[in-house]
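Trainee: Please read through the structure below; I'll follow up with questions.
Computed from the coordinates by the stated procedures, all read-outs in this text should not be read as laboratory data. On a predicted model such as this, the values are computed, not experimentally measured, just so you know. Here the Cβ is made from the backbone with ideal geometry for all residues, glycine too, and neighbour counts use every protein chain on show.
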Amino acid sequence: MTNVTIYHNPRCGTSRKTLELIRKKGIAPKVIEYLKTPPTEKELHEILKLLGLEPRELMRTKEPEYSKYHFDNPKLRRAQLIAAMIRHPILIERPIVLSNGRAALGRPPENVEKIL
């Protein structure tokens, strides 16, 4: 059986489409509304590792918090950027889908099909 988790924002159309795609495959994923329940530092490290991304690559740079708190500062270290995403989860790109030790960013939603 496939163990699938989606870090989801129900207000995001792409996130809703990704969740629908997963459910149409007969999978009942664990849905984490990450704005209400942000990933822990350990979880975010693991997500980044599985995605093969650095923190800034998973950040929504057009969110007001990104510029307001100067997260564009190139001197910020990895740990500082991860802490920023935990403190301001709106900065985390979405949706993120985890499935059996693999991860995919659902932009576009079809990206997740390769890990289901």
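Trainee: If each of residue 115 and residue 33 carries a label point 7 Å out from its Cα toward its Cβ, how far apart are those two points in nm?
Mentor: 2.3 nm
Trainee: Next question, about the same structure. Which angle between 0 and 90 degrees, to the nearest 10, do you get for helix 13-24 versus the longest principal axis of the chain when only C-alpha atoms count?
Mentor: Taking Cα atoms only, the helix is inclined about 30 degrees.
Trainee: Okay, moving on. Can you give the FRET efficiency to the nearest 0.05 for residue 23 and residue 43, using r as the Cβ-Cβ distance and R₀ = 30 Å?
Mentor: Calculated transfer efficiency: 0.85.
Trainee: Antiparallel DSSP bridges in the chain: what percent, to the nearest 5?
Mentor: 70 percent
Trainee: Tell me which trypsin sites (Lys or Arg not before Pro) from the range 1-75 have a DSSP coil assignment and no more than 11 other beta carbons within 10 Å of their own.
Mentor: 11, 36, 62, 75
Trainee: Hey, what's the Cα Rg ratio for the range 1-63 versus the globular rule of thumb, 2.2 N^0.38 Å?
Mentor: 1.19
Trainee: Give me P(r) over the range 4-109, computed from all C-alpha to C-alpha distances, binned every 5 Å, as integer percentages.
Mentor: Answer for the range 4-109: a P(r) of 2, 13, 25, 25, 19, 10, 5, 2, 0 percent.
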